[in-house]
Every structure is written in structure tokens, then in C-alpha cells.
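The values are calculated or read from the model by the stated rules, or taken from the named source; none is laboratory data. No experiment lies behind these values; they were computed from the predicted model shown. As a convention, Cβ positions derive from the backbone with ideal geometry for all residues, glycine included, and neighbour counts pool all protein chains shown.
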Amino acid sequence: MKERRGARKKDRPRPIGEAITNFLERSGISRRVEQASVVPEWPELVGQQIAQVTEPLSIARDGTLFVAVKTSAWMNELSLLEPQLLASINAKADRPRVARIRWQMMR
């Protein structure tokens with residue numbers, strides 16, 4: 001099949017992954033998607049013991065990570081550990097930083 005004369009590169013079909021990546025970058029969403037990768041990586045970032053009593057829920061645009069906690073005793077302990085947890089979470093250099101963690105009781 002011959003390419004049309006004068007056709008531009010963007011007129012050709014592209015793989016869907018490439019199209020989505022380009023859209024996310026142009027719209028500014030790609031940084032938020034990268035920041036949200038904290039949620040599925042939670043057990044690796046905080047360790048299995050903490051992961052068993054917590055559930056990361058979402059991350060706000062301002063960098064606040066919302067995490068549900070099973071008991072108030074754990075919530076108190078995790079509040080004290082927040083600086084160390086943030087250091088672990090923010091260790092990945094190319095990911096937008098998590099500014100703070102908001103702990104809330106599981107429902």
C-alpha cells in the first residue's frame with residue numbers, strides 16, 4: 001500500500017498504547033498516573049505488616065495520599081511513622097512526590 005502524497009506522520013495508524021501515552025502527556029495526566037502508581041505498589045513500599053492493616057484509597061491532586069487503617073491503635077502508630085513512610089514512598093526519583101498521608105478508619 002502506498003502512502004498518500006503529502007500525508008503527515010500523525011495521519012498514519014499508531015499502536016493504541018502510543019496514542020494513549022501521547023494523550024496523557026499532552027493533557028498533563030501522565031504525572032498524576034505516575035503519582036497514583038503508589039496505590040498498587042503499596043505493599044512493596046511499606047512492607048507486608050503495614051500492608052495487611054491498611055488499604056491505600058486514592059491520591060489527591062495536591063499529593064495527599066488517603067489510606068484506610070483497620071484499628072485506631074495502628075492509625076496512631078502509622079501517624080508516628082509517617083515521615084519514614086513518606087521517605088520510602090518518595091524514594092522513586094521520577095515519580096511526583098506524595099506530600100502527606102491522611103489516615104482514616106476502614107469502614
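Pull up the stretch 59-90, narrow it to residues that are under 30 Å from G28 (Cβ atoms) and in contact with a Leu (Cβ under 8 Å, 6 or more places away or on another chain), then point me to the one that is modelled with the lowest pLDDT.
I59
Within the stretch 1-41, work out how many residues are part of a helix (DSSP H, G or I), aliphatic (A, V, I, L, M) and modelled with pLDDT under 70.
Residues that pass the stated criteria total 0.
Return the only residue of A73, A87 being over 20 Å from Q35 (Cβ atoms), of a type in the set (A, V, I, L, M, F, W, C) and surrounded by fewer than 12 Cβ atoms within 10 Å (Cβ to Cβ).
Answer to the selection: A73.
State all residues of the stretch 37-47 that are at negative phi and surrounded by fewer than 17 Cβ atoms within 10 Å (Cβ to Cβ); if no residue qualifies, say none.
S37, V39, P40, E41, P43, E44
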